[in-house]
Amino acid sequence: IETSLSDGPLKGVRAVVTSGPTHEAIDPVRYIANHSSGKQGHAIAAALARLGAEVTLVSGPVHIPDPAGVRVVRVDSAVEMLNGVRAALPADVVVCAAAVADWTVANRATEKRKKKVGAPPPVIELAPNPDILMTVSKAEGGLRPRLVVGFAAETEALLDNARDKLARKGCDWIVANDVSEGSGTFGGDANLVHVIDADGIDSWPRMGKDAVAARLAERIANVLRGL
Ligand code: CTP
Ligand code: CA
């Protein structure tokens with residue numbers, strides 16, 4: 001039985017977590033998406049709630065249950081995800097674990113695209129999606145959370161790419177995650193991560209996604225309490 005610590009170290013803290021993929025519609029029956037189970041993001045939302053935080057989980061389409069003790073906002077597209085996050089602000093901490101589609105479909109059809117004999121296949125035009133992590137990290141008017149955490153799933157040059165993302169996005173931590181073939185982590189239950197911040201790199205041993213979530217929630221609690 002999971003119980004949330006209403007007197008836990010994150011009591012009174014407002015947290016927002018993004019999780020899962022986004023779906024960008026091509027037409028009413030087709031979409032573009034990234035692979036994402038939502039396991040890591042959902043586990044982080046649950047772990048923050050267990051420490052007493054008031055958690056809003058903004059989740060793209062996933063096939064796993066809602067975590068206990070968390071308010072879940074379900075979305076499809078990246079634009080909807082950004083709106084869901086915005087509506088949940090202000091927050092003390094935002095964790096962006098979603099695998100957001102980098103592009104949306106500019107020429108989305110309102111009716112199903114039909115094959116026509118002899119006609120060439122349709123051309124899908126892409127347009128950039130908003131960057132939710134960057135938008136939150138650079139938010140003004142007192143809406144910048146005290147702590148913003150992003151993820152970097154990379155197949156090569158993990159630490160260089162992750163450090164670059166930390167600088168470019170303006171977040172406080174990047175959780176860098178090796179998803180190369182052979183790392184054995186993608187879609188599975190284990191994860192091998194490095195937490196990168198202005199002070200350096202904290203490399204964690206391979207552990208379950210629930211354990212990564214628990215350790216990350218603890219690290220968040222320590223920082224927010226000024227430890
Ligand atoms: N992210 C986001 N909104 C986007 C794209 C990414 O919030 N439109 C967040 C992800 O949730 C993750 C971080 O940004 O926390 C890094 O995502 P990633 O896809 O690795 O970075 P990109 O900047 O999109 O770069 P690329 O895909 O080219 O590696
Ligand atoms: Ca991306």
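Quick note: the coordinates plus some simple rules give every number you see, no bench work behind them. The structure displayed is predicted, hence computed values, not measured ones. We place every Cβ from the backbone using ideal geometry, glycine too, and count neighbours over all the protein chains shown.
At a glance:
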item	result
Selected from ARG74, ARG30, ARG146 as most flexible by GNM, with the chain as the system and alpha-carbon contacts under 10 Å	ARG30
Residues with amide H under 5 Å from that of ASP27, placed H, sequence gap 5 or more	ALA109
Whichever aspartates and glutamates have a C-alpha closer than 18 Å to that of LYS165, once near sequence neighbours (fewer than 8 apart) are set aside	ASP102, ASP131, GLU154, GLU156, ASP178, ASP197, ASP199, ASP202
Volume of the Cα convex hull of the stretch 1-103, divided per residue and given in Å³	88
The stretch 82-135: equivalent-ellipsoid semi-axes (sqrt of 5 x gyration tensor eigenvalues, Cα, Å)	35, 11, 8
Antiparallel %, DSSP beta bridges [both residues in the stretch 1-156], to 5	25
Residue order, fewest to most beta carbons within 10 Å, for THR104, THR155, THR22, THR110	THR110, THR155, THR104, THR22
Hits among aspartates and glutamates - C-alpha to C-alpha of LYS112 under 15 Å, sequence gap 8 or more where chains match	GLU24, ASP27
0 to 90° range, to nearest 10: angle between helix 78-88 axis and the chain longest Cα axis	30
Estimated FRET transfer efficiency when R0 is 22 angstrom, pair ASP76-VAL123 (beta carbons, to 0.05)	0.45
Cα long-axis angle, helix 39-50 against the chain (0 to 90 degrees, to the nearest 10)	30
5 angstrom amide H check on LEU89, placed H, neighbours 5+ away	none
The chain, helix-only ellipticity at 222 nm - DSSP H runs n ≥ 4, -39,500 (n - 2.57), divided by all residues, nearest 500	-7500 deg cm²/dmol
Fraction in percent of alpha-carbon pairs per bin - 10 Å, the chain	8, 32, 36, 16, 6, 2, 0
Beta bridge orientation in the stretch 68-227: antiparallel %, DSSP, nearest 5	55
Helix 209-224 vs. the chain, principal-axis angle (Cα, 0 to 90°, nearest 10)	60
Ranked LYS115, LYS39, criterion: other C-beta atoms within 10 Å, fewest first	LYS115, LYS39
Ranked list, fewest to most other Cβ atoms within 10 Å of each Cβ, for GLU125, GLU80	GLU125, GLU80
Full-stretch length increase - LYS138, LYS115 - with 0.36 nm per residue and alpha-carbon distance subtracted	3.9 nm
The chain: most fluctuating residue of VAL212, VAL55, VAL123 per GNM, C-alpha cutoff 10 Å	VAL123
